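Below is one structure; the comments refer to it alone.
Please treat every number below as a calculation from the coordinates, not as lab data. Computed from a predicted structure; not experimentally measured. Using ideal geometry, Cβ is built from the backbone for each residue, glycine included, and neighbour counts are taken over all protein chains shown.
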Amino acid sequence: MKKTRKTFLLATLAAAAFTLSACTGKTATGSQETDTTDSLSSEELIEQEIRSTAAEGELAPDFTLQDFNDKPLTLSSLRGKVLVLDFWGSWCGWCIKGFPEMKAYYQKYAGKFEILGLDAGDIPEDWKKAVKEHSLPWLHVQIPEDSKLLETYGIQGFPTKMVLDADGKILKIVVGEDPAFYTYLDELFGK
């Protein structure tokens, strides 16, 4: 009984910390926002995470999505250099808050890596407006509402950043706007 209470307390504290730095499972359709994780129990969240095929050390699952110019972009076509997958949405305050530092690191290590922004939960007009408004200079695609990509990648909070090596293997996953992501880039590319 005591062990169960301690486990519950630790899980509750971890969830609270996560909520402070990430938009947890929120998606938006137009101006309406819905929460996809509040109704899931911790066991269901763990089961959802287990179903994910994206994990550190594994090859990132391939996909093809429409880019900013309505052309198909396939993940595997970007192999050959380090790639950061940035799962975000214009409705996510933490995603927007992190853009200035993302842009600074994109410049700092220019040519050493590419970023692919994967917008989730926006209508196309809001997605494209946000990319332009925040002057995001990297590649962009939008995840369709009916896609299973978020489930495949086990995305449970926004932003989620995944660093892939030149062969498409997942090196690091960082959920939330966390300085650990930038520390990792510094370690990877040298200061």
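Please work out how much length the chain gains when fully extended from Ala180 to Lys128, using 0.36 nm per residue of separation minus the C-alpha to C-alpha distance, in nm with one decimal.
This chain segment gains 15.9 nm when fully extended.
Would you mind getting me the FRET efficiency between Thr152 and Ala104? Use the beta-carbon distance for r and R0 = 22 Å, nearest 0.05. Provide the component values of the computation, followed by the final result.
Working: r = 30 Å, r/R0 = 1.38.
For Thr152 and Ala104, the calculated efficiency is 0.15.
Taking only the alpha carbons of region 60-170, what extent do you get along each of the three principal axes, in Å, biggest first?
31, 30, 27
Give a residue-ordered list of calculated ³J(HN,Hα) values for region 71-83 (Karplus: 6.51 cos²θ - 1.76 cosθ + 1.60, θ = phi - 60°; whole Hz; x for Gly, Pro).
So the J values, rounded to whole Hz, are 10, x, 10, 9, 3, 4, 6, 9, 5, x, 8, 4, 10.
Kindly rank 127-138, 100-111, 80-91, 166-177 from highest to lowest mean number of other beta carbons found within 10 Å of each residue. Could the numbers behind the result be given before it?
Working: 127-138: 15.3, 100-111: 13.8, 80-91: 20.4, 166-177: 17.3.
Per-residue Cβ counts within 10 Å, averaged per peptide and sorted highest first, yield 80-91, 166-177, 127-138, 100-111.
May I have the pair-distance distribution P(r) for region 70-111, computed from all Cα-Cα distances with 5 Å bins from 0 and rounded to whole percent?
Calculated P(r), rounded to whole percents: 5, 16, 20, 21, 23, 14, 1.
What pairs in Lys81/Lys169; Lys71/Lys161; Lys129/Lys172; Lys103/Lys169; Lys81/Lys148; Lys97/Lys128 have C-alpha atoms more than 21 Å from each other? Could the numbers behind the result be given before it?
Details: Lys81/Lys169 11 Å; Lys71/Lys161 23 Å; Lys129/Lys172 29 Å; Lys103/Lys169 23 Å; Lys81/Lys148 26 Å; Lys97/Lys128 17 Å.
Long pairs (Cα-Cα over 21 Å): Lys71/Lys161; Lys129/Lys172; Lys103/Lys169; Lys81/Lys148.
Using modelled backbone amide H atoms (1.01 Å from N, in-plane), which distant-in-sequence or interchain residues come within less than 5 Å of Lys172's amide H?
Amide H neighbours of Lys172: Val163.
Using the Karplus curve 6.51 cos²θ - 1.76 cosθ + 1.60 with θ = phi - 60°, what ³J(HN,Hα) values do you get for each residue of region 179-184, in whole Hz, with x for Gly and Pro?
x, 4, 5, 6, 4, 4
Assuming 0.36 nm per residue, please report the length gained on full extension of the stretch Asp70 to Ala55 beyond their Cα-Cα distance. Before the final figure, lay out the partial values.
Working: separation 15, 0.36 × 15 = 5.40 nm, distance 2.89 nm.
Additional length available on full extension: 2.5 nm.
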